[in-house]
1. Filter region 42-70 for residues that are surrounded by fewer than 18 Cβ atoms within 10 Å (Cβ to Cβ) and either β-branched (Val, Ile, Thr) or in contact with a Leu (Cβ under 8 Å, 6 or more places away or on another chain) (or both) and give the result.
2. Only one of (1) farther than 23 Å from Pro141 by Cα; (2) in contact with a strand residue (DSSP E or B) (Cβ under 7 Å, 6 or more places away or on another chain); (3) of a type in the set (Lys, Arg); (4) touching a residue at least 40 places away in the same chain (Cβ under 8 Å) is not met by Arg104, so which one is it?
3. Take region 59-96 and flag every residue that is polar (S, T, N, Q) and in contact with a Ser or Thr (Cβ under 7 Å, 6 or more places away or on another chain).
4. Just to be sure I understand the filter: pairs with C-beta atoms under 8 Å, separated by 6 or more residues or on different chains, first member in region 34-48 and farther than 15 Å from Val66 by Cα, second member aromatic (Phe, Trp, Tyr). Which pairs pass?
5. Within region 82-113, which residues are out of contact with any Asp or Glu (no Cβ under 8 Å at 6 or more places or on another chain) and farther than 21 Å from Phe50 by Cβ?
6. Does Glu132 meet the test of being over 30 Å from Leu20 (Cα atoms) and surrounded by 14 or more Cβ atoms within 10 Å (Cβ to Cβ)?
7. Does region 116-136 include one or more residues that are at pLDDT 95 or above, part of a helix (DSSP H, G or I) and among the hydrophobic types (A, V, I, L, M, F, W, C)?
8. Mind telling me which of the residues Ile81, Ile17, Ile23 ends up being touching a strand residue (DSSP E or B) at 6+ places or on another chain (Cβ under 9 Å) and aliphatic (A, V, I, L, M)?
Amino acid sequence: MQVVTSQHPAIFGVFSIALLAIIWIAIGLLISWITGWRALAERYKTDREFPEHKRWMQSARMRAGVRFNHALTLGSDAEGIYVGMTLPMFPGNPRLFIPWSDVRVEEPQRLLWLMMRALRLGTDGIPLRVREPLAEFLLQPRGGMNATVPGIVSSTF
């Protein structure tokens, strides 16, 4: 290996960059598969622009406890919820639009000192767990929290 690097440094550099790109793509696809983003993308992938009612650099948890810390743009309008990466860092995570008919909202739960709310996305109910203030922000265009019924674990919009 040392002979190759000393005799052909350009080839070694190109090989290193290619290997890094392959690893980056593999990690992105793995994260997409683990979190359920890939399953959502099969049905809800969109090229729609985000609505004005959006927030950048938001955090959320999805399946398997995977956290997207300050990596998401989340928005909503009267038709549904928009989810996308703030910066397209990983392949396999396209922009999503999920209509309200395919979103279930669970009651808030305390996670240590934070109040979190799970939005179950799609027919598989893939969780998107966000802090309560962000959940309220996302639910405003749909009618806010009035759509949930006290005592019910989750409700369907």
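The values are calculated or read from the model by the stated rules, or taken from the named source; none is laboratory data. Please read all numbers here as calculations on a predicted model, not as lab measurements. Here Cβ is always computed from backbone atoms with ideal geometry, including for glycine, and neighbour counts include all displayed protein chains.
1. To start, the set of residues in region 42-70 that are surrounded by fewer than 18 Cβ atoms within 10 Å (Cβ to Cβ) comprises 42-43, 45-49, 51-57, 59, 63-67, 69-70.
Once the filter is applied, which keeps residues that are surrounded by fewer than 18 Cβ atoms within 10 Å (Cβ to Cβ) and either β-branched (Val, Ile, Thr) or in contact with a Leu (Cβ under 8 Å, 6 or more places away or on another chain) (or both), region 42-70 yields Lys45, Thr46, Lys54, Arg55, Met57, Ser59, Val66.
2. Only one criterion is unmet by Arg104, namely (1).
3. If we filter region 59-96 for residues that are polar (S, T, N, Q), which is where we start, we get 59, 69, 73, 76, 86, 93.
Asn69, Thr73, Thr86, Asn93 - these are the residues of region 59-96 that are polar (S, T, N, Q) and in contact with a Ser or Thr (Cβ under 7 Å, 6 or more places away or on another chain).
4. Tyr44/Phe97; Thr46/Tyr82; Thr46/Phe97; Arg48/Tyr82; Arg48/Phe97
5. Arg104, Glu106, Glu107, Gln109, Arg110, Leu111, Leu112, Trp113
6. Working: over 30 Å from Leu20 (Cα atoms): yes; surrounded by 14 or more Cβ atoms within 10 Å (Cβ to Cβ): yes.
Yes: the conditions hold for Glu132.
7. yes
8. On the way: Ile17 fails: touching a strand residue (DSSP E or B) at 6+ places or on another chain (Cβ under 9 Å); Ile23 fails: touching a strand residue (DSSP E or B) at 6+ places or on another chain (Cβ under 9 Å).
Of Ile81, Ile17, Ile23, the one residue that is touching a strand residue (DSSP E or B) at 6+ places or on another chain (Cβ under 9 Å) and aliphatic (A, V, I, L, M) is Ile81.
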